[in-house]
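First comes the structure, then the notes that go with it.
The values are calculated or read from the model by the stated rules, or taken from the named source; none is laboratory data. Just so it is clear, the structure is predicted and the values come from calculations on it, not from any experiment. Positions of Cβ are generated from backbone atoms using ideal geometry, with glycine treated the same way; all protein chains shown enter the neighbour counts.
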């Protein structure tokens, strides 16, 4: 299975429960309001943090025959989430996790994540993904079998990051219309339309 196909399947289950439709509508409105003629203005992420977020999302959903996460500006979506929806504790935890990516990169490769080679970046994210997967399916107390853990902005940092990346991409115009081939606003429905009277015998 190709990576893009895998993420399309994940988007339906792992990412979609993160935010309600009402919250999504408010966030999209907020994004439009904070964009200027020259482009989006970061409100939570620093330029260095934004560069790390952009690089990470681009590895998770790279450009193929359609634009990837970078083309869909998922980094801006994540900044909006951190600014307008996350609690102070969730925002702090996310930024601490983001800093941890650079710390791990420095330990492994002696440089920040954005300065790693593409192979090094992918290797690090794969390692984080494997750790998250093991943690996500740990046996829960007082239950039988395995259960997925928290789907909000809590828990394993990479799990949160991956869900936000998928959600931000597949709810963007690029992800929804070009990748999933969906129509945001389908054709109008005309109910109670008069039917021409049939010719009487």
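Every residue in the range 97-120 that is free of Cβ contacts under 8 Å to residues at least 40 places away in the same chain, outside any helix (DSSP H, G or I) and touching a helix residue (DSSP H, G or I) at 6+ places or on another chain (Cβ under 9 Å), please.
111, 116, 117 - these are the residues of the range 97-120 that are free of Cβ contacts under 8 Å to residues at least 40 places away in the same chain, outside any helix (DSSP H, G or I) and touching a helix residue (DSSP H, G or I) at 6+ places or on another chain (Cβ under 9 Å).
Answer with yes or no whether residue 80 is assigned to a helix (DSSP H, G or I), in contact (Cβ under 8 Å) with a residue 24 or more places away in the chain and either in contact with a strand residue (DSSP E or B) (Cβ under 7 Å, 6 or more places away or on another chain) or over 21 Å from residue 153 (Cβ atoms) (or both).
Spelling it out, it is not the case that residue 80 is assigned to a helix (DSSP H, G or I), in contact (Cβ under 8 Å) with a residue 24 or more places away in the chain and either in contact with a strand residue (DSSP E or B) (Cβ under 7 Å, 6 or more places away or on another chain) or over 21 Å from residue 153 (Cβ atoms) (or both).
Can you confirm whether residue 115 is over 20 Å from residue 166 (Cβ atoms) and modelled with pLDDT of 95 or more?
Here the answer is yes, as residue 115 does meet what is asked.
Which one of 53, 74 is within 14 Å of residue 164 (Cα to Cα), in contact with a helix residue (DSSP H, G or I) (Cβ under 6 Å, 6 or more places away or on another chain) and modelled with pLDDT of 95 or more?
The unique qualifying residue is 53.
Does the range 121-132 contain at least one residue that is over 26 Å from residue 79 (Cα atoms), surrounded by 10 or more Cβ atoms within 10 Å (Cβ to Cβ) and either out of contact with any helix residue (DSSP H, G or I) (no Cβ under 8 Å at 6 or more places or on another chain) or at pLDDT 85 or above (or both)?
no
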